[in-house]
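What follows is a short report on a single structure.
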Amino acid sequence: DDEDAVEQVRPDTPVKPMTATEVKVNVSIPSAAERAAATGADGVGLLRIEHVILSLDKTPEKFIADNSKGEYIEALVEGVRTVADEFYPRPVRVRTLDAPTDEFRQLEGGEDEPVEHNPMLGYRGIRRSLDKPEAFRHELDAFRKLYELGYDNVEIMLPLINDAEDIHRAKRMMKDVGIDTNKRTWGAMIETPAAALSADAIAKSGVDFVSFGTNDLVQYTLAIDRNNERVADRYEAMHPAVLDLISDTIDVCREHNVSTSICGQAGSDPEMVRYLVEEGVTSISANIDAVRDVQHEVKRVEQRLLLESVR
Ligand code: PEP
Ligand code: MG
């Protein structure tokens, strides 16, 4: 009827431009999955599972101490499943645990968390996972279960790795719990200058993709605390040093058929989008509210590049 007709021509009806560069979406809480999927994004470029864990009110180690690891695994499976269902068969890249210790403090068991002078440079991401293999194994168990349930659109992403050795160790653990690392799609974040400068070894480590976590990459490259307002005006994702690390990594990965992506906040910034498309990045993951604009910006840049190439 008339009302339906009006509904169909509403200006916010998603019209997704076709682009060669994939445009994905970042999801921080499973309850945002429906809204994220409605953007028409090509998948989830980053699903953070910290919020699933923080909402359990107990640290992973406390679950283990209480002999309730099953409950922990089940909660992870359910959290990821909500998003994987909503997007199926579009891919959903799930990042393994990466919460600074101070964020765990409020949870039951949080009193056992190390007190760190600088948690951002401390016990987080893959460092914690490799040091606490039992908790990490349960996370990987959750992934194995998701694959058993048929969620072949789930991908595994490792945070805060510094070199290929971090990846080799994590890969061994994935295999140990029964994840077929040849069959499943998995990769690592590039969030430290060390990781970017190790791109060659990382690209040969078996990863299918790397993803630039620019929130951290900018912080560590420029030595500027991402949460310190006093230096916020000097926190520049488009700094030439950051861009060099990114573009060199893209070039190396292309040689090894490893796809490249961005899942930091800068992926929602048109200036960075232009730069990345020109450099030949495989996919860009943006905030839910930015996906439409990023899709159109990518389209504009791709068309311009095409015209320039035939001129
Ligand atoms: C990043 O560092 O860019 C990133 C996506 O991870 P987080 O913001 O969770 O550290
Ligand atoms: Mg990060």
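The values are calculated or read from the model by the stated rules, or taken from the named source; none is laboratory data. In this text the structure is predicted, and so the values were computed from the model without any measurement. All Cβ positions, glycine included, derive from the backbone under ideal geometry; neighbour counts span all protein chains shown.
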Practice task
Can you give me the number of residues within region 102-138 that are without any contact (Cβ under 8 Å) to a residue 24 or more places away in the chain and either within 14 Å of ligand 2 (Cβ to nearest atom) or touching a Pro at 6+ places or on another chain (Cβ under 6 Å) (or both)?
Solution key: 5
Problem - Failed item, numbered, when ASN257 is tested on (1) in contact (Cβ under 8 Å) with a residue 12 or more places away in the chain; (2) not in a helix (DSSP H, G or I) - result: (1)
Exercise for the section: Pick out the one residue from ALA84, ALA99 that is assigned to a loop (DSSP other than H, G, I, E, B), touching a residue at least 12 places away in the same chain (Cβ under 8 Å), buried (at least 19 other Cβ atoms within 10 Å of the Cβ) and small (Gly, Ala, Ser). Expected result: ALA99
Problem - Residues that are crowded, with 20+ Cβ neighbours inside 10 Å, assigned to a helix (DSSP H, G or I) and not aliphatic (A, V, I, L, M), drawn from region 102-137 - result: PHE104, GLY125, ARG128, SER129, PHE136
Practice task
List every residue pair whose Cβ atoms lie under 6 Å apart, where the two residues are 6 or more positions apart in sequence or sit on different chains, the first residue falls within region 155-168 and is among the β-branched types (Val, Ile, Thr), and the second residue, located anywhere, is within 14 Å of ligand 2 (Cβ to nearest atom).
Solution key: ILE161/ILE126; ILE161/ALA188; ILE161/ALA195; ILE167/ILE161; ILE167/ALA188
Practice task
Mind listing whichever residues of region 193-250 are within 13 Å of ligand 1 (Cβ to nearest atom), outside any helix (DSSP H, G or I) and not aliphatic (A, V, I, L, M)?
Solution key: SER211, PHE212, GLY213, ASP225, ARG226, ASN227, TYR235
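A quick yes/no check of all residues on (1) modelled with pLDDT under 95; (2) charged (D, E, K, R); (3) part of a loop (DSSP other than H, G, I, E, B):
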| residue | (1), (2), (3) |
| --- | --- |
| ASP42 | no, yes, yes |
| LEU46 | no, no, no |
| VAL52 | yes, no, no |
| LEU56 | yes, no, yes |
| VAL77 | no, no, no |
Exercise for the section: Considering each residue of region 277-294, count those that are hydrophobic (A, V, I, L, M, F, W, C), assigned to a helix (DSSP H, G or I) and touching a residue at least 40 places away in the same chain (Cβ under 8 Å), and give that number. Expected result: 4
Practice task
Would you please name the residue that is nearest to ligand 2 (Cβ to nearest atom), looking only at residues in region 81-101 that are more than 19 Å from ALA188 (Cβ to Cβ) and polar (S, T, N, Q)?
Solution key: THR101
Practice task
Tell me, please, whether a residue that is touching a strand residue (DSSP E or B) at 6+ places or on another chain (Cβ under 9 Å) and within 16 Å of ligand 2 (Cβ to nearest atom) can be found in region 178-188.
Solution key: yes
Exercise for the section: Name the residue, out of VAL301, VAL277, VAL294, VAL252, that is crowded, with 23+ Cβ neighbours inside 10 Å and modelled with pLDDT of 95 or more. Expected result: VAL294
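More than 25 Å from ASP163 (Cα to Cα) and of a type outside the set (A, V, I, L, M, F, W, C): which single residue out of GLU255, GLU297 fits that description?
Numbers: GLU255 fails: more than 25 Å from ASP163 (Cα to Cα).
Going through GLU255, GLU297 in turn, just one is more than 25 Å from ASP163 (Cα to Cα) and of a type outside the set (A, V, I, L, M, F, W, C): GLU297.
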